[in-house]
Amino acid sequence: DKMSAEVIRPFVRWDVAWTVEHHGIFQMLYYGHHYGWDRNARDQFKDHPVFDNCAEFCERWDQSSFDPDYPTETLNMFEPMVREVFGRKAYSPEIIREGFVSSLTGNE
């Protein structure tokens, strides 16, 4: 998760990078108990401004991706979006928006 966050960090909002970096800990709510792990390990971040977004991301989208019957798109469908993100100027303040917590659905 840290490695993935570092790859995208120069090109996405700071809250998106934080969510990517920490979503594995938040995911444990859904499966950690099967391995004897702390399901509530995410609580260490409860006062972080991105906590609610990360929790909602995991609940709405991330944990569903483990369902083999969940409808998915092909990787080719995402290529234009990936190219757009990595085509941005790295560390652009207009993109990073340090300290701003955005809406998950883009409705700010």
Original post:
Which members of region 81-102 meet the condition of being surrounded by 10 or more Cβ atoms within 10 Å (Cβ to Cβ) and either among the β-branched types (Val, Ile, Thr) or without any contact (Cβ under 8 Å) to a residue 40 or more places away in the chain (or both)?
Top reply: Val82, Glu84, Val85, Lys89, Ser92, Ile95, Ile96, Val101
Subject >> Pair list, Cβ under 7 Å, 6 or more apart: region 6-18 residue in contact (Cβ under 8 Å) with a residue 60 or more places away in the chain and more than 17 Å from Met81 (Cβ to Cβ), other residue aliphatic (A, V, I, L, M) and in a loop (DSSP other than H, G, I, E, B) >> reply: Asp15/Val50; Asp15/Val101
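Residue-by-condition table, conditions (1) under 16 Å from Arg97 (Cβ atoms); (2) at pLDDT below 95; (3) buried (at least 20 other Cβ atoms within 10 Å of the Cβ):
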residue: Trp14; (1), (2), (3): yes, no, no
residue: Glu21; (1), (2), (3): no, no, no
residue: Leu29; (1), (2), (3): no, yes, no
residue: Arg42; (1), (2), (3): no, no, yes
residue: Asp47; (1), (2), (3): no, no, no
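The values are calculated or read from the model by the stated rules, or taken from the named source; none is laboratory data. Note that the structure is predicted; figures quoted are calculated from it, not measured. Cβ atoms come from the backbone with ideal geometry, glycine included; neighbour counts cover every protein chain shown.
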